[in-house]
1. Filter region 43-62 down to residues that are part of a strand (DSSP E or B) and in contact with a Cys (Cβ under 6 Å, 6 or more places away or on another chain) and give me whichever is surrounded by the fewest Cβ atoms within 10 Å (Cβ to Cβ).
2. Out of the residues in region 32-42 meeting the condition of being assigned to a loop (DSSP other than H, G, I, E, B) and not aromatic (Phe, Trp, Tyr), tell me which one is farthest from Leu68 (Cα to Cα).
Amino acid sequence: MNILRIILFTLTLLACFLARDDAKAQVPPHPPGTVCYTPQFWCWAQPPGPPGNSCACPTPYGWVGGKLG
């Protein structure tokens, strides 16, 4: 029974680490709506807008959609 608890705890801890959002942790202080968050990275919003609106960041392979934050 103890081994099952250890396995469950380890899986829960692993899920917590995998669920964190590294892109938001690297963003400098900014006014709301000036940063576009994509699933993998962020960029400065051009133009800024209300938080939660759709936005896009340029990449070498085209535009990637995100949300203003």
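No value in this document is a laboratory result; all are computed from the given coordinates. None of these values were measured; they are calculated from a predicted model. Neighbour counts run over all protein chains shown; Cβ positions are idealised from the backbone, glycine included.
1. Of everything passing the filter in region 43-62, Cys43 is surrounded by the fewest Cβ atoms within 10 Å (Cβ to Cβ).
2. Here is the first cut: in region 32-42, the residues assigned to a loop (DSSP other than H, G, I, E, B) are 32-34, 38-41.
Now drop any that are not not aromatic (Phe, Trp, Tyr), which leaves 32-34, 38-40.
Details: Pro32: 8, Gly33: 5, Thr34: 7, Thr38: 9, Pro39: 12, Gln40: 14 Å.
Across region 32-42, the extreme among qualifying residues is Gln40.
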